[in-house]
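The values are calculated or read from the model by the stated rules, or taken from the named source; none is laboratory data. These numbers come from a predicted model, not from an experiment. Ideal geometry is used to build each Cβ from the backbone, glycine not excepted, and the neighbour counts take in all protein chains shown. These accessible areas exclude ligands, DNA and RNA; they are computed on the full protein's heavy atoms, side chains included. Shrake-Rupley method; radii C 1.70, N 1.55, O 1.52, S 1.80 Å.
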Amino acid sequence: MKQNYCKNKSVEKIKQIAGFLKIISEKNRLKILHFLGENEKCVCEICQHLKLSQNLVSHHLKLLKNFGLISSRKEGVKIFYKINKKVTKKYLKLLNKFLNPI
């Protein structure tokens, strides 16, 4: 029974890691995360930096936010985004432990 529990736990970790890698593997989302690594940015700054339309940037931001990798706050009509360091560290730690099990 314990072996089955460990196997299920490993399968769940693999699903989490795969989801994380899927989200960050798209080059524009990875660029957004890198750009937000400097500090909080509004959508218009992200659009200008990446030279992408606002609707495309908003789509990527929505996916990143739904996954928990970024958070947002509204100030007037502008929405500012920043990296959710706690969640990002969690996934990086999970990936590192998976790749380096010792």
### Task
Output the residues belonging to the stretch 66-87 that are free of Cβ contacts under 8 Å to residues at least 24 places away in the same chain and closer than 12 Å to Phe20 by Cα.
Asn66, Gly68, Val87
### Message
Name the residue that is farthest from Leu92 (Cα to Cα), counting only residues in the stretch 14-29 that are part of a helix (DSSP H, G or I) and open to solvent by 80 Å² or more (accessible area, probe 1.4 Å).
### Response
Lys27
### Task
Considering only the stretch 41-94, state which residues are on the phi > 0 side of the Ramachandran plot and touching a helix residue (DSSP H, G or I) at 6+ places or on another chain (Cβ under 7 Å).
Gly68
### Query
Among Val77, Val11, Val57, which is the only one that is more than 13 Å from the chain's Cα centre (by Cα) and modelled with pLDDT of 95 or more?
Val57
### Query
Mind checking which residues of the stretch 35-51 are modelled with pLDDT of 95 or more and open to solvent by 80 Å² or more (accessible area, probe 1.4 Å)?
Gln48, His49, Lys51
### Summary
By residue number, the members of the stretch 52-98 that are assigned to a strand (DSSP E or B), of a type in the set (A, V, I, L, M) and open to solvent by 30 Å² or more (accessible area, probe 1.4 Å) are Ile79, Ile83
### Query
Taking only pairs six or more apart or across chains, which ones have beta-carbon atoms under 7 Å, a first residue in the stretch 30-49 that is part of a helix (DSSP H, G or I), and a second residue that is of a type in the set (Phe, Trp, Tyr)?
Leu36/Tyr81; Ile46/Phe35; His49/Phe35
